[in-house]
Each structure stands twice: as structure tokens, then as C-alpha cells.
Amino acid sequence: MLRKFIKFGFYSALLTTISTMLVSAAVYYYLIPQLPNPETLRTVELQVPMRVYSADGALIAEFGETKRSPVRYEEIPEAMRNAFIAIEDDEFFSHNGVDIKALMRAVVGLIRTGKKRQGGSTITMQLARNFFLSNEKSYLRKLNEILLALKIERELQKEEILTLYLNKIFLGQRAYGIAAAAQVYYGAKLNKLTLAQMAMIAGLPKAPSTTNPITNPPRALKRRNLVLDRMLLLSLISKQEHKEAYNTPITATSHKTQVELNADYVAEMVRQDMYEQFGNELYNKGYKVYTTLNSALQIAAQKALRENLIAYDKRHGYRGPELTLLPDQFDQNPKLPIIGDLYPAVVIVAEEKKLTVRLDDEFLVDIEWAEIKWARAYIDETKRGPALQSVTDILKVGDVVRVAQNSTGSWSLAQIPDVEGAIIAPDPNTGAIKALVGGFDFNHSKFNRATQAQRQTGSSFKPFIYSAALEKGYTSASLINDAPVVFDDAGLENAWRPENYGNRFYGPTRLRVALRNSRNLVSIRLLRSIGINHAINHAQRFGFDKNKLPRDLSLSLGSLSLTPLELANGYMVLANGGFATTPYLIERIENMSGEVIFQAEPAIACLECEQKQIDEKIATESLPNDTVDTPKLAPRAINQQNIYLMNQLLRDVIRRGTGTRAKSLKRGDIGGKTGTTNDQRDAWFSGFNQDIVAITWVGFDDSRPLGPRETGASAALPMWIRFMETALPMYPEKPLPRPDGMVTVRIDSETGLSVGPGHKGAIFETFRAQFVPEKQPENQQTPSFTGSNSNTRPDKNGNGASSKSGIPDQLF
């Protein structure tokens, strides 16, 4: 019997040994070679969304399904590390990747219940599973997990393992990693979390989707307290810390990514550009895109646009509530989004001079009569209903309206404007776009009017016609006859009878006066004189696509359609001294590691650099081995003398022309041009100084008229002024560089001819030296012309009737 027992024991031991050797051999020759190399964890690329920033580092947007913000080991609070170790793997810093005792407990549990349960996995084993393995519950996967954990521990430091784990792990609500979880649940950085909040996050890995504080607060609280108990048991926190954290209620709520600068139209432009370069990779490779936006200017641009559109909207009346609740719905809040800082609210009291509304958060707001009485009923863009006598004239209980909070904290009745607008502000010397807003609110309309809306430019295009005329030898003092004109064209159904705004004409007019007062008939005659081909070729040098320019005299009135961005391109040349700079938005792109993979290198406008290059070119002709270190200079598009004269003319628009409202800015270095199209369908103001260009546009998306008197000066210029109130203090006033070859002489204000000292009615005007006007004969009488209305009939060839001045119609 004993011999049989010894024999059985011997063969059992032999079989066990052989089995062990076979399993070991299988593991060594089959499983281990197939394990991934843990060294790749050092260079692993976590799925991180793309983030878009302003030039000064303010977060604009985040694009990507996965919310993750990788952090370094030293950036992780000690209490956060301890919380995870306490609940997930309290032997982490002492084991070699596998916790034998924990594994044995899992094996005993399997033998007792016959069911495979989660358990026994160290942080290192979880890391191996998260990076390299599936979540399938099988013995083979568990064996691979163990082997891989052992291998990882040999290759990586404990700190590296813990950092990778805490950045990789899923923590619910689309948050991956502890930094993302801190933002999603608490809207905070890691170093701002309390102990209770850290313990809450540490308790999430077991069941992140079903036991997080958003979906199941009671279970999440129970799990958090278990983490705190474990930390106390392991002496990782004091009893007092445990008590305070244990008694802290849940403070988690759902937080979106903390956007620091509202620039949704810009964010979408960046996303589209990045998609063209990187495809779907942009959503998970952790790119950081730094734009050219200046945060202060972007905020000012958005505020100026919204205030301007709301002001226009109020001038044209109240269109009524957005909807009306049924009586049994009065206690409900409609789920409407906040649009342009206009809050949805339900009317709960509507009496003669009293209005009380309820906001979505159940907060009650009383609105004073002074903030309601503007709301005369809208009839159309040309007229409104009678003045309000009572709140009940327009509203009743149950109406859903919009309200806005004023800077004083009071509230006013409001409505989402039907009218739209755009503003774009580039640096003319580099092309860097400092501010861009494409509409009232991106969430209301994603159509970007700053870059996509092709709208007629009206008189905003006239400066380029005048610049072309200067190139042809015209001067600021050249006289053009401002008189009625009729064009008979077989291609037109009716004769074309262009008019000035106000239907008046003023006879012989100097170009300076004609531009500042936006005289249409002068522009038409001027274009006819210089030739359409010359004008189009000259405009092309400002960056305009010649194929978009109409080849007829309507070009002089801005009949072409451009986006505000395209118009800004032309005004940049006027502002920077004549250089062809190009607008751009992306300053640099960094990858997940912070390496710069793209850096903008714009060609710049620089008068000093241009002269230096000329001087150094002369010098290097005699010293061919010298190298010249100069910045990348934008090509010259228009000669400096022409640009200098155009700046003088456009400054006059603000000093005494259609842009005089901008005199409120009290700056002598700004110029610009109003623009209004037929029936006031588009209103523009395009203005600048040497450091900033700003283009503002107002109009309806369906191109219906804005209404009487809604010109560029009244509908678009106020937006420009409001923006420039913030922008101009950033750019100290400086003199406009005067190029060589310019002279200033006295001229007669009526004839444009040069005169001597003491001449009555003389003014000073600047000319290129070769185009100084001839001297007026001493015995010539200065003509006078008082203007007339459009009832004077022109002849069939478009020549105006002779004026009282006796100056012939051959003045064009």
C-alpha cells in the first residue's frame, strides 16, 4: 500500500513537473514573443482633442470626442496619487507588477463561486490591459496581462507607470484621464480640487459609466467614501481630513470645456483648415493651434457687432414673442438656448407698466418700463406701430420672450435680431487677423459672413477707382462735373440713370470733395475717363480677383460682390503704405509633445526695410560675398506717393465727409469710407490707421432693404467706432510717412488751380511734384456753384447741363 502511494506521488510529481515545463515552454516560446514591447509606452500618443487658442493663449475651442488633457507626474497632486493607490493597488510601490495575494484571493473566489470576477489586477496590469489588451474575460488574457505587467515593470519606472495610467484611464462622461475628469465634473484644474473631489474621481474606474456623480450620485458617494476610508486605513490622510471630506456633499455637475474666449466662427475656420491638412487625425492627435487673434480685440469686436445689431433691431420695432405657452404649460420652462447673451424667459406678469419674467433657472426678473417702451410693433423695415401705452399692447402671460442684462445689472426686453453683420480686423503690416466675427451668434447661424458672404460693396470700393485715377495723372484737386447722366445701352432693358444719394448734384467738384461726400456721378465720370481696363488692372494690384470685377461703369459704384475678408485685403494695402500683405489666421501649430510643426512666416510691409534693402542691394553690388539679413518683405503693389494721397483723401472722409461720426474717437490718423448699396441692402464702413484695419458690414441674409436712412454711416459706422474705441489705444498715433517728391501748394477751392498768397478762398493741397496744377490767372474770377436738384435734364450722351460757374461740361 505504501509502495503504491509512493509510486502515485512520484508519477504525480513527475506529471506536474512535465506539465509545468510544457506550460513554461509554451509561455516562453509562444506567449512572450507575442507580447508588445513596453518601451513603446514611453512614446505612446494618447487620444487628445485638438485645441484652438488665441495669440495670447486663451482657449477658443476643443474638437474631438475624447476629452483628455495629459499631465506630468509632478503636476499630479499627492492626494490624488494616494487616492488611486489606496483604492486600486495599495502595494503599488512595493510589488513587481503582480500582487500575488490579490491574485490568490481572486482564485479562491473563482473556486468558491465558479464565476470569473474582476479582481487581483494591479495598476500595472490595468495599464497593460488598457494599452495593449482587450477587456475580454479569459484565462489567456489574464495570463498575458500578468506577463506584460512583469515586463512593463522591468522597463519603466513606477512614476512613469502611474502617470500613464492616470492619463489613460476612462472616468465616465467621455473623460479620459484625471485632468479631463477634473474639468468635466468640477470645471477645475487638478491643483484646485478638494480631497473629497479627488476621492470621488479615484472611485470611478470600477464602473465609470454607471457610478459617476452625474448618472448615479448615491452610488458615487458610497464609492467616494470607501476611497476615503481606505486612505485613512493606510494613514494617507488624517482623521480630521477624513471627517471633513466624508461630510462634504457631492459638488459635481456636468461642465463643458472651459472656453476662455468666444470666437466660434474663427474656431470653425481653423477646424476646416486643419481637416484639409490632417483629415480625421485632427480630432485625436492633440494638436494645439495658436491663432493670430488678440483676445481683447476679439471681445471688443463681438460686443460691437452685437450691440450694433440690437440697436438696429430696436429702431425697427418689436416682432413679438418667440412662442406662447398654453395655460397648463405656464409652470414649464421652454428649452431654448441663450443666443448672443439674450436669455429666454416666460412672462408671468404683464400689466400696464409692469413686466415680470421667469428665467430657465426659476429666477424672477422685473423689467422697468424704460426698458420696454422701445418695443413699438414692427410692421416692416420702413415703419413701426404707434408708441406703446402698456405692456399688454405687445405681451401677455405665457409669452416666451428674450431679455438682456445691462451693465448696471438691470434687465431689458430684447429680441434676437433678424439683421446680420460681420467684422474683421487684420494687422495691415503682417496680415495677422486680430479679430473676426461672422454673425450675431454662431449657434444661431453658422454661416460666416466675414468670409463667406458675397455682398455688393457700394461706395466702399470707390477708393480703388480714385487710386487708379491718381495713377493716370489725376490729382486731389482735379475737377469732375457732378451732373446728371443717362446711359442708353442696347443690352439694358431701360436707360441707366445713376444718382447721388439724396438725388442732388453739385457741378464741378474736386476729387477730394467728391470722395469724402461719396458723389456717385463723379465716380462714374472718373471711371469713364480713366478707362475700365486700367481701373480693373489697378484694382487687381490691391489683391482683388479681376474676374469678379464687372467690366462696366457700375464698377465705379461698387456693383461687385466681395466678402468682408476680400475687401479687407484691399484696405490693408491702403493702410500699410502700398504693400501686398495677405490676411492669415493660424500663427503656429504644435503637436502633442509641444513641437512646432507649422510656423507662419508672413511677408510683411515695412517702409524702412524696403529702403534698407535698396541701400544694401547697392552696397552688395560692390561686395558680392556679403549676405543681407532682412525680413521677408511683401511685394510693393502701389507706389507710396499714390498711397499717401489716398490716405489724405480717406482721412478727410472722417474729418468732414460721410464718416464724421468717427471724429468722436479724437484721432487724426484714421481714414475710411462708407458704403451703401441700392435700396440700402448693404451697409459698410471700411476704416484703418497704419496699424489696424477694420471692415464692418450690416445687412439681411436674404438681401432685403435695411430701410430708409440705414446707410453705411448710420448702420455700419457705429460698429466700427465701438470696436475702434478698444483698438486704437493699443496703437499710439504716429505721423504718416511722407514720401519724396510730394509738394503742398495753395489752390483755389473752386477751380483747383494753384494761387498765390492772399488769394480769397485758397486752401492747401498736396500733389506729386510732376502734377502740380497750373497757376490760375490773376484776372480769372473764381466761379461759384451752389448745387441743384436732379430735375435739371442731362443730354442723351450723359453730359450735364451747363452750370452757373460757366465751366464747360468737358470736365467729364
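The values are calculated or read from the model by the stated rules, or taken from the named source; none is laboratory data. In this text, all values refer to a predicted model and were calculated from it rather than measured experimentally. Glycine also receives a Cβ, built like all others from the backbone with ideal geometry; neighbour counts cover every protein chain displayed. The area values use the complete protein model at the heavy-atom level, side chains included, leaving out ligands, DNA and RNA. Shrake-Rupley method; radii C 1.70, N 1.55, O 1.52, S 1.80 Å.
If you take every residue apart from Ala468 with its C-beta less than 11 Å away from the C-beta of Ala468, what net charge results, scoring Lys and Arg +1 and Asp and Glu -1?
+2
Work out the FRET efficiency for Lys354 and Lys383 from their Cβ-Cβ distance, taking R0 = 30 Å, and round it to the nearest 0.05.
After rounding to 0.05, the efficiency reads 0.60.
So how much accessible area does Tyr343 have, in Å² to the nearest 10, using a 1.4 Å probe?
About 80 Å², ignoring ligands and nucleic acids.
Which of the three applies to the stretch 243-322, rounded, prolate or oblate, going by the alpha-carbon gyration tensor with a ≥ b ≥ c and a/c under 1.5 meaning rounded?
In terms of gyration-tensor shape, oblate.
So for Arg519, Arg709, Arg376, what's the accessible-area order with a 1.4 Å probe, most first?
From most exposed to least exposed: Arg709, Arg376, Arg519.
Tell me, how many Å apart are the Cα centres for the stretch 238-275 and for the stretch 371-406?
Each part's Cα centre sits 38 Å from the other's.
Would you mind calculating the gained length between Asp702 and Asp361 on full extension (0.36 nm times residue separation, minus the Cα-Cα distance), in nm to one decimal?
The Asp702-Asp361 span can extend by a further 119.2 nm.
Let a ≥ b ≥ c be the square roots of the eigenvalues of the Cα gyration tensor of the stretch 451-515; is it rounded (a/c under 1.5), or, if not, prolate (a/b larger than b/c) or oblate?
Since a/c reaches 1.5 but b/c is at least a/b, the shape of the stretch 451-515 is classed as oblate.
Express in nm, to one decimal, how much length is gained between Phe447 and Glu91 on full extension, taking 0.36 nm for each residue of separation and deducting their alpha carbon distance.
Contour length minus the Cα-Cα distance gives 122.5 nm.
Could you grab the relative contact order for the stretch 168-231? Cα pairs under 8 Å, six or more apart, rounded to a whole percent.
29
Between Asn333 and Lys396, what length comes free when the chain is fully extended (0.36 nm per residue of separation minus the Cα-Cα distance, one decimal in nm)?
This chain segment gains 21.1 nm when fully extended.
Can you work out the FRET efficiency for the pair Val743 and Lys548, with r the C-beta to C-beta distance and R0 = 41 Å, to the nearest 0.05?
My answer for the efficiency is 0.65.
Can you list the aspartates and glutamates whose alpha carbon sits under 12 Å from that of Lys314, skipping same-chain ones fewer than 8 residues off?
Once the sequence-local aspartates and glutamates are set aside, what remains near Lys314 is Glu371, Glu381, Asp418.
Rounded to whole Å and sorted largest first, what semi-axes of the equivalent ellipsoid does the C-alpha gyration tensor of the stretch 405-541 yield via the square root of 5 times each eigenvalue?
37, 21, 17
Sort Phe771, Phe505 by heavy-atom solvent-accessible area, probe 1.4 angstrom, most to least.
Phe771, Phe505
In what sequence, largest accessible area first, do Lys666, Lys314 appear using a 1.4 Å probe?
The residues order as Lys666, Lys314, largest area first.
Would you give the gap between the C-alpha center of the stretch 499-567 and the C-alpha center of the stretch 198-225, rounded to a whole Å?
Computed from Cα coordinates, the inter-centre distance equals 68 Å.
I'd like the accessible area for Lys151, computed on protein heavy atoms only with a 1.4 Å probe and all protein chains in place. Round to 10 Å², please.
Accessible area of Lys151: about 50 Å².
What is the set of long-range amide H partners of Leu633 at a cut-off below 5 Å, with H atoms built 1.01 Å from backbone N?
The list, which skips near neighbours in sequence, is Ile604.
How large is the charge dipole for the stretch 328-448, taken about the Cα centre, if only the Cβ atoms of Lys, Arg (+1) and Asp, Glu (-1) carry charge, to the nearest 20 debye?
In debye, rounded to 20, the stretch 328-448 gives about 300.
For a test of the definition: using alpha carbon positions, the gyration tensor, and the 1.5 limit on a/c, classify the stretch 339-455 as rounded, prolate or oblate.
prolate
Which aspartates and glutamates does Lys151 reach when only Cα atoms under 17 Å apart count, and residues fewer than 8 places away in its own chain are ignored?
Result set, ordered by chain and number: Glu39, Asp99, Glu159, Glu160.
Please turn the phi angles of the stretch 597-610 into ³J(HN,Hα) values with the Karplus equation 6.51 cos²θ - 1.76 cosθ + 1.60 (θ = phi - 60°), one per residue in order, whole Hz, x for glycine and proline.
Using θ = phi - 60°, the values come out as 9, 8, 9, 5, 10, x, 6, 9, 8, 7, 5, 5, 5, 4 Hz.
Positive end of the charge dipole of the stretch 408-456 (Lys, Arg +1 and Asp, Glu -1 on Cβ, about the Cα centre): tell me which of Gly421, Trp411, Asn448 has its Cα farthest that way.
The residue sitting farthest along the positive end of the dipole is Asn448.
Express in whole angstrom the spacing between the alpha-carbon centres of the stretch 55-98 and the stretch 659-694.
Centre-to-centre distance over Cα atoms comes out at 52 Å.
Based on the mean of other beta carbon atoms within 10 Å per residue, what is the order of 212-220, 635-643, most packed first?
635-643, 212-220
Test of the criteria: in the stretch 519-613, which GluC sites (Glu not before Pro) are in a DSSP loop and have at most 12 other Cβ atoms within 10 angstrom of their Cβ?
Of the GluC sites (Glu not before Pro), the ones in loops of the stretch 519-613 whose Cβ has at most 12 other Cβ atoms within 10 Å are Glu595.
Where Lys and Arg each count +1 and Asp and Glu each count -1, what net charge lies around Asn167 among other residues with Cβ under 10 Å from its Cβ?
Net of charged neighbours comes to +3.
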